[in-house]
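These notes concern the structure reproduced below.
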Amino acid sequence: MTLESLGNDKLHISNTYVREFLAEFLGTFILVSFGAGVNAQHVLSRGSAGSFLTVNFGWGMGCAMGVWVSGGISGGHINPAVSLAMAIIGKFKFRKVLIYWAAQYLGAFAASACVFGVYYDALNHYDGGVRSIHGDNGTAGIWGTYPSEFLQTRSGFADQTFGTMLLLLCVMAITDPRNMTPPKGMVPFAVGIVVFLIGATFGYNCGFAINPARDLSPRIFTAVAGWGSSCFSVDNYWFWVPVVGSHVGAIAGALVYLLFVGFHAEDEAAYDIEQKSSRRSEF
């Protein structure tokens, strides 16, 4: 008997809620591990081991890996805003939202702690053990997102809303079986490309959180790990912007897709017939 078969026999969890909780926890853990990890490498090396491009690529591929890890069990939301938006449009059960949220926030917190541990010596070498949010030796941005000095709160809220709207709009298209859906195994990669694109085009203002768990849990971690409560009060209490803005944007993105595309698409069977007919007419 192999270890895998033994595990399937003895350790298999039949409770759907527990299985989905574990999958979302691990998927979000993967996302934030790679994302905060690439941030840490870029910041702590003072740019010699990373760039704006590698940061965006790391977050994009981290998202893809997180969805690949969890998608077969939980659908790979790994984002509280996605879970809420899917529930509002009827593609996800409301009774599961809090379970997914708990898993996502806890997974992000655990990943933040792991990245902190891995880069602890590099962090101390960088700032001499004096934790700062902003300034030449500011490091809180490795975990949470903070606005550029020129950004006003209302503009930041618009930024987070728009970025997450784009995320959900594209995710809805990628996962819609009546649209040009990629092969099942390539869906996580496609979602990762979307995250990469959002970061590469809208990351300058305030770091493209577009995911409340990716921002709030790491922020809570930094608050208790040495940076203090200023993580919440700094920049005119910025902390609520990526949380609320992401939820608003996700709901808007899902609704925009439905209004402009989803409600007007043919059913999957009719779409397949039309595509086959179109191919025949080309010969």
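Name the residues in region 150-181 that are free of Cβ contacts under 8 Å to residues at least 24 places away in the same chain and under 22 Å from S83 (Cβ atoms), would you?
Once the filter is applied, which keeps residues that are free of Cβ contacts under 8 Å to residues at least 24 places away in the same chain and under 22 Å from S83 (Cβ atoms), region 150-181 yields I174, T175, T181.
Step by step: first the residues of region 129-147, then only those that are in a loop (DSSP other than H, G, I, E, B) and among the small types (G, A, S), then the one that is most open to solvent (accessible area, probe 1.4 Å). Which residue is that?
Per the stated criteria, the residue is G135.
Give the residues of region 193-241 that are assigned to a helix (DSSP H, G or I), polar (S, T, N, Q), under 17 Å from A158 (Cα atoms) and touching a residue at least 24 places away in the same chain (Cβ under 8 Å), sorted by residue number.
Within region 193-241, N236 is the sole residue that qualifies.
In region 11-32, which residue that is open to solvent by 30 Å² or more (accessible area, probe 1.4 Å) and among the hydroxyl-bearing types (S, T, Y) is farthest from V115 (Cα to Cα)?
Of everything passing the filter in region 11-32, S14 is farthest from V115 (Cα to Cα).
In region 245-283, what count of residues is obtained for those that are aliphatic (A, V, I, L, M) and modelled with pLDDT under 90?
Qualifying residue count, region 245-283: 4.
Name the residues in region 78-91 that are open to solvent by 30 Å² or more (accessible area, probe 1.4 Å) and in a loop (DSSP other than H, G, I, E, B), would you?
I89, G90, K91
Since N39 meets every condition but one in (1) among the polar types (S, T, N, Q); (2) open to solvent by less than 30 Å² (accessible area, probe 1.4 Å); (3) farther than 17 Å from V195 by Cβ, which condition does it not meet?
Unmet condition: (3).
Report the residue count in region 157-188 for those that are more than 24 Å from V69 (Cβ to Cβ), open to solvent by 60 Å² or more (accessible area, probe 1.4 Å) and of a type in the set (A, V, I, L, M).
Residues flagged as more than 24 Å from V69 (Cβ to Cβ), open to solvent by 60 Å² or more (accessible area, probe 1.4 Å) and of a type in the set (A, V, I, L, M) within region 157-188 amount to 1.
If the Cβ limit is 8 Å and pairs must be 6+ apart or interchain, which residue in region 242-267 that is closer than 17 Å to C206 by Cα and open to solvent by less than 30 Å² (accessible area, probe 1.4 Å) pairs with which residue that is among the acidic types (D, E) and in a helix (DSSP H, G or I)?
What qualifies is P242/D215; V243/D215; G245/D159; S246/D215.
Of the conditions (1) open to solvent by 40 Å² or more (accessible area, probe 1.4 Å); (2) of a type in the set (S, T, Y); (3) more than 26 Å from T222 (Cβ to Cβ); (4) touching a residue at least 40 places away in the same chain (Cβ under 8 Å), S74 clears all except one; give me its number.
(1)
Pick out the one residue from F109, F150, F94, F116 that is touching a helix residue (DSSP H, G or I) at 6+ places or on another chain (Cβ under 7 Å), open to solvent by 60 Å² or more (accessible area, probe 1.4 Å) and farther than 25 Å from I193 by Cα.
Every option except F94 fails the conditions.
From F162, F150, grab the single residue that is at negative phi and in a helix (DSSP H, G or I).
F162
The values are calculated or read from the model by the stated rules, or taken from the named source; none is laboratory data. Since the model is a prediction, treat every value here as computed from it, not as a measurement. FYI the Cβ positions are ideal-geometry reconstructions off the backbone, even for glycines, and counts take in every protein chain you see. Keep in mind that these areas ignore ligands, DNA and RNA; they rest on the heavy atoms of the full protein, side chains included. Shrake-Rupley method; radii C 1.70, N 1.55, O 1.52, S 1.80 Å.
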